[in-house]
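Right, one structure below, let's go through it.
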Amino acid sequence: MLLFLRRWLRHLVAPAAGVVYLTLWIVAEAGRSDLTAHVLVVSALAVAIGLANWMPSTSLGLVVVVPVLQALRLLDRPRDTTWPEYLAIAIVVGIIGAGRSGLLRWLAIPALGVASAAAAWAMVVPTVADQDVWARWTGSLSGTRSDLAFLALAIAGASGIAWAVGVAIGATWRVGLARVRVVEAEQETEAASAELRAEQERARIARDVHDSLAHSLAVVVSQAQGAAALTVRDGPAATALQDIAEVSRTALGDVRALVERIQGTGQEARHGLADVPHLVEDMRELGMQAVFEQHGDPRALGTEAGGAVHRIVQESLTNVLKHQGRTATARVVLDWRGPGLGVVVTSTGSSPLVALDGPGSGVAGMRERARLVDGWLRAGVGDEEHEYVVTAWLPTLGGSSVPSGADVTPGLPAVVGAGAVDATGPGGTSATGASR
């Protein structure tokens with residue numbers, strides 16, 4: 001919930017700044033009849049501020065195009081009271097600098113340079129029809145060239161400072177968010193580990209109950225039916241023996257059903273397949289280049305299997321964040337084209353957020369989750385440098401089963417290379433469980 005509120009508050013900053021910018025200009029210039037034509041310019045700059053988070057490319061284009069058109073006298077140029085409108089350039093590049101798009105962040109630098117030069121030209125260079133420029137407003141005697149250079153550098157400098165502040169704020173926010181996400185993931189992993197240990201214990205007890213009680217009930221059913229066949233038909237003894245056999249058979253079915261429930265999760269899973277795209281989106285919010293793909297037509301998947309898919313993808317992406325960094329690339333693929341559901345999480349990165357302190361239990365936990373729903377999972381280094389691949393298969397309802405540990409991954413894309421299976425890491429350590 002806190003992550004959701006932070007995300008939406010960040011998106012609301014730019015629209016709120018645009019509204020405040022336009023409101024302050026209206027209040028400051030109210031009553032000036034000669035400024036009606038300038039409303040279009042200020043409105044365009046306010047829109048540029050408001051769109052800086054949602055449509056950064058459009059916003060950056062507006063703060064460049066508007067001053068250029070003013071310099072060409074195609075839009076109403078600034079007056080002695082309206083020239084502070086160019087503060088919008090600094091606001092927009094600051095917001096874009098704080099954004100997560102690295103390409104736009106660096107494109108903002110040449111854009112602010114062009115916008116600053118055009119804004120300075122619109123304020124300083126006079127025309128025959130319009131001599132009301134910067135020199136007359138301030139009484140400057142330094143000349144047009146000096147005023148042009150001074151204002152261009154001043155606007156560019158102020159915008160550059162705003163951009164640098166935005167970059168610093170954005171980086172701080174993303175690092176803090178990554179730390180929060182890692183802490184939350186570690187807490188969820190601990191809770192999942194405890195839950196998994198409890199499930200394993202329940203499964204062990206269930207197997208013991210089934211092996212002893214079910215066998216005894218089966219013997220009772222067999223003996224009762226055999227004894228009934230030897231007695232007089234329709235006699236009291238035969239009826240009693242048939243009742244014993246029927247009750248024992250019913251009890252045997254109840255025991256088997258109880259064992260199946262004990263071996264399951266015990267309650268409806270809180271997360272499933274529908275939450276997998278949100279996991280990928282969370283990674284994108286942290287700055288990771290994460291993509292989600294789905295191939296084939298989705299089919300029915302059991303509740304426990306859906307929860308297992310969610311946990312496998314969640315743990316895989318958390319491992320990417322922890323062991324390969326926020327700048328890593330990740331690809332999550334759900335493939336329905338085989339007899340079951342194939343899950344592949346491929347990642348590449350070499351900037352870990354946390355130091356390795358020995359082998360972890362993440363991969364073992366994922367493998368156990370897949371096993372509990374009659375699937376399987378493998379994890380290890382891929383064919384490319386700094387690549388890690390997690391491959392899993394889970395049965396769909398009504399789908400055919402695949403033996404655990406099968407060498408063939410049915411229906412999965414070619415991204416799963418041989419290096420993803422039984423690969424070894426540095427020093428001969430098995431990558432299947434290497435520090436994850």
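Values as computed for the structure displayed
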item: Qualifying residues in the stretch 168-177 (those that are within 21 Å of the chain's Cα centre (by Cα) and of a type in the set (A, V, I, L, M, F, W, C)) - the one nearest to residue 94 (Cα to Cα); result: 169
item: Residue count for the stretch 93-125, restricted to those that are under 17 Å from residue 168 (Cβ atoms) and in contact (Cβ under 8 Å) with a residue 40 or more places away in the chain; result: 14
item: Contacts under 7 angstrom Cβ, first residue in the stretch 127-149 being closer than 21 Å to residue 114 by Cβ, partner of a type in the set (Gly, Ala, Ser) and in a loop (DSSP other than H, G, I, E, B), 6 or more apart; result: 134/140; 147/140
item: Residue in the stretch 53-76 that is small (Gly, Ala, Ser), under 21 Å from residue 289 (Cα atoms), crowded, with 18+ Cβ neighbours inside 10 Å and at pLDDT 90 or above present; result: no
item: Test: residue in the stretch 250-264 that is modelled with pLDDT of 70 or more and aliphatic (A, V, I, L, M); result: no
item: Verdict on residue 157 being surrounded by 15 or more Cβ atoms within 10 Å (Cβ to Cβ) and part of a helix (DSSP H, G or I); result: no
item: Residue within the stretch 66-83 that is among the β-branched types (Val, Ile, Thr) and closer than 17 Å to residue 113 by Cα present; result: yes
item: Answer residue from the stretch 77-104, given it is among the β-branched types (Val, Ile, Thr) and either outside any helix (DSSP H, G or I) or surrounded by fewer than 22 Cβ atoms within 10 Å (Cβ to Cβ) (or both) and is farthest from the chain's Cα centre (by Cα) among those; result: 81
item: Sole exception among (1) modelled with pLDDT of 90 or more; (2) out of contact with any Leu (no Cβ under 7 Å at 6 or more places or on another chain) for residue 144, by number; result: (1)
item: Residue list for the stretch 114-140, restricted to those being among the charged types (D, E, K, R) and either within 18 Å of residue 75 (Cβ to Cβ) or in contact with a Gly (Cβ under 9 Å, 6 or more places away or on another chain) (or both); result: 130, 132
item: Residue that is surrounded by the fewest Cβ atoms within 10 Å (Cβ to Cβ) [pool: residues in the stretch 282-322 that are in a strand (DSSP E or B) and among the hydrophobic types (A, V, I, L, M, F, W, C)]; result: 291
item: Residue identified as free of Cβ contacts under 8 Å to residues at least 24 places away in the same chain, in a helix (DSSP H, G or I) and of a type in the set (A, V, I, L, M) among 171, 152; result: 171
item: Any chance residue 166 is part of a helix (DSSP H, G or I) and farther than 18 Å from residue 111 by Cα; result: no
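The values are calculated or read from the model by the stated rules, or taken from the named source; none is laboratory data. Quick caveat: nothing in here was measured; it's all calculated off a predicted structure. With ideal geometry, Cβ positions are generated from the backbone for all residues, glycine too; neighbour counts draw on all protein chains shown.
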